[in-house]
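Data block below; observations after.
Where a number appears in this text, it was derived from the coordinates with a stated rule and is not lab data. Being a predicted model, the structure only gives us computed values, none of them experimental. In this analysis, Cβ positions are derived from the backbone assuming ideal geometry, glycine residues included, and neighbour counts consider all displayed protein chains.
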Amino acid sequence: MSNVVPSRRTRAVAERQPSQSSQPSESSESPGKTAHQLDDSTNWWHNAVVYQIYPRSFADSNGDGVGDLGGVLERLGYLELLGVDAIWLSPVMTSPMADHGYDVSNPRDIDPLFGDLATFDALVAAAHDRDIRVTMDIVPNHTSNQHPWFAAAIASPAGSPERARYIFRDGRGVNGELPPNNWPSVFGGPAWTRVAEADGQPGQWYLHIFAAEQPDLNWDNPEVFADLERTLRFWLDRGVDGFRIDVAHGMAKPPGLPDMDLATVGLLVNDDNDLRFNNPGVHAIHRKIRAVLNDYPSAANVGEIWVDDNVAFANYIRPDELHLGFNFRLAKAEFTVDDIRAAIENSLTAVESVGGRPTWTLSNHDVEREVTRYGGERGDLSVGLNRARAMALVELALPGAVFIYNGAELGLPNVDLPDEVLQDPVWERSGHTERGRDGCRVPLPWEGAAPPFGFSSTPNTWLPTPASWASLTVEAQLEDINSTLSLYRQALELRYARSEFAGDGVEWYGAPAGCLAFRRNVGRLVCAVNTNDHPVALPPGEVLLSSAPLINGELAPNAAVWLV
Ligand code: NOJ
């Protein structure tokens, strides 16, 4: 079965005049579209710009205050205008929504909150018509506690085949009253919950690395992979172009489930010595997943891999494992020359060792938005925005795939939400000590002067949108040549259209203190960054795009520039 999208754009293409302006085309066509060469490459993901849609927060078509697939369908024109190659949909499968879809109770259907299979099929077809590929989240480490398998496991005795699909153990202590080991949940509290047996007495414990509503599957049980294979083929046969694999460094567990060193963990924190993740058995699982994907030559998988060590990371993207590995180095880097350079060098080094492709991202639905992060402890959002714009040019100047989290292209900051609206399970599980991730998941502002800014027809959206976002709506930014949206559109268009982006490597230039400059090794595009609080002279070359207006011909503070 082939799921090749009819045609794709490539980068090494049209003759275009360099421009300093970030003015988007006035036409409703995607700006670079007519200039793009199109191809049917099975390697579309090598340099793809993938737009992450957090479906709850993107656009609401039915007025219930929660975003849905109909909303995505209605806004596809925007994504074409932005110029992305593909979308990644965070989970849309049937879910009780304990973790907003990352707790799946039926992996082969669409949750009614988001729509139905017919809407999903329509979305895939409409996206393909617009030359946009569709990838979706898949959650193989755990299911929902309302998955029929888990219901059967709870209803069955210890040692039963039903329990063998999950990780059930007897407790420690005289009466099994203590958890089987000392593992904490990533979301706070213990990673084990005790169940009541048929006689009503407390019985075994089950493992959940995340919320109690997300029991971990037992990947030593062949039934588990067989079911995942069904799921993969179900969606691939419907035409999806690949998957983002949730917790791709999870799944396998260490033999005997030994206690871990608790000094290595914190809430939502990752550490390479964390026994809950990155166990050697995970690679056999990825090889089996890849064997399925190989039946669909133009489909690609990207894995969520919170692993720092370059060699350990690279193991996930060996040729017979994942196509791409999410690399979070830029999302964690401070806006300093040392951090940015180390993130880029390590990312390139890691993938080179196995002939893989790098990936870049500044944020996602699990981390603070970059505008806020770069605003630093003083919370200076205007500095944060300038830096976020500069970093957008950095990531889009690099070889490899770039993942843009919805709203990054609008320069949205995190929102400091009041306690009473928080929904992330982290808030409850941490005993209200950790606010969780809701602040980066606030619904997108589309148009108009008041919340919810066209996101929904109801003002009662699942998270409130701040009134201060009136100037950040798509409508407000679309025709503003200085807007962040215009910067992204221009950058994406140039990235596709200009031959200067050719080459898989970068070469570093000498740069003044507080500055960073690199160049694409074949096309010779130069990207220079100024992290100082004063302007600096530009490197030689003609300016193609700048994240901030030049100041007397010099690169502004907290800005980046592309030169040819
Ligand atoms: C990683 C996802 O990105 C996150 O949102 C989710 O809570 C956990 N995995 C558990 O599925």
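Assorted remarks:
- Region 67-172: translational diffusion in µm²/s, Stokes-Einstein, Kirkwood Rh over Cα pairs, 20 °C, 1.002 mPa s: 138
- If the Kirkwood radius is taken over C-alpha pairs of region 212-260, then at 37 °C and 0.692 mPa s the Stokes-Einstein diffusion coefficient equals 253 µm²/s.
- Across region 52-62, coupling constants 3J(HN,Hα) worked out from phi with the 6.51/-1.76/1.60 Karplus curve, θ = phi - 60°, read 7, 9, 8, x, 4, 10, 8, 7, 9, 8, 10 Hz, and Gly and Pro carry x.
- Electrostatic bookkeeping for ARG165 treats Lys and Arg as +1 and Asp and Glu as -1; over the other residues with beta carbon under 12 Å from its beta carbon, the sum is -4.
- Within the chain, helix-based [θ] at 222 nm, where runs of 4 or more DSSP H residues each add -39,500 (n - 2.57), nearest 500: -7000 deg cm²/dmol
- 3J(HN,Hα) from dihedral phi, region 513-522, Karplus parametrisation 6.51/-1.76/1.60, rounded to Hz, x for glycine, proline: 3, x, 10, 9, 9, 9, 9, 5, 5, 9
- If the chain linking ARG524 and ALA449 were pulled fully straight, counting 0.36 nm for each residue of separation and taking away their Cα-Cα distance, it would gain 22.7 nm.
- For TRP192, the residues whose amide H sits under 5 Å from its own are HIS208, ignoring neighbours fewer than 5 places away on the same chain, with H placed 1.01 Å from N.
- Cβ-based net charge around LEU257, under 11 Å, with every Lys or Arg adding one and every Asp or Glu removing one: +1
- The tail of the calculated P(r) for region 167-287, taken as Cα-Cα distances beyond 19 Å, holds 54 percent of the pairs.
- Whole-Å semi-axes of the ellipsoid equivalent to region 271-327 (Cα gyration tensor, √5λ, descending): 21, 11, 8
- Crossing angle, helix 381-397 versus the chain [Cα axis fit, 0-90 degrees, rounded to tens]: 90
- 11 Å beta-carbon shell around ASP60, net charge (K/R +1, D/E -1): -1
- Taking the inverse of the mean 1/r over every pair of distinct Cα atoms in region 104-165 gives a Kirkwood hydrodynamic radius of 14.0 Å.
- Calculated FRET efficiency for the pair GLU352/ALA126, C-beta based, R₀ 60 Å, to 0.05: 0.95
- Quotient of C-alpha Rg and 2.2 N^0.38 Å, computed over the chain: 0.96
- Mean separation of Cα contacts under 8 Å (6+ apart) over length of the chain, as relative contact order %: 16
- Three-way shape label, region 466-564, alpha-carbon gyration tensor, a/c 1.5: oblate
- Here the alpha carbons of region 212-347 define both size measures, Rg and Dmax, at 16.2, 49 Å.
- J(HN,Hα) series, region 440-454, from Karplus relation 6.51 cos²θ - 1.76 cosθ + 1.60, nearest Hz, glycine and proline x: 9, 10, 5, x, 5, x, 9, 7, x, 9, 9, x, x, 6, x
- Each Cα pair of region 369-457 feeds into the Kirkwood radius, which the Stokes-Einstein equation turns, at 25 °C and 0.890 mPa s, into a diffusion coefficient of 166 µm²/s.
- The charge dipole of the chain, taken about its Cα centre with unit charges on the Cβ of Lys, Arg, Asp and Glu (plus for the first two, minus for the last two), comes to roughly 1060 debye.
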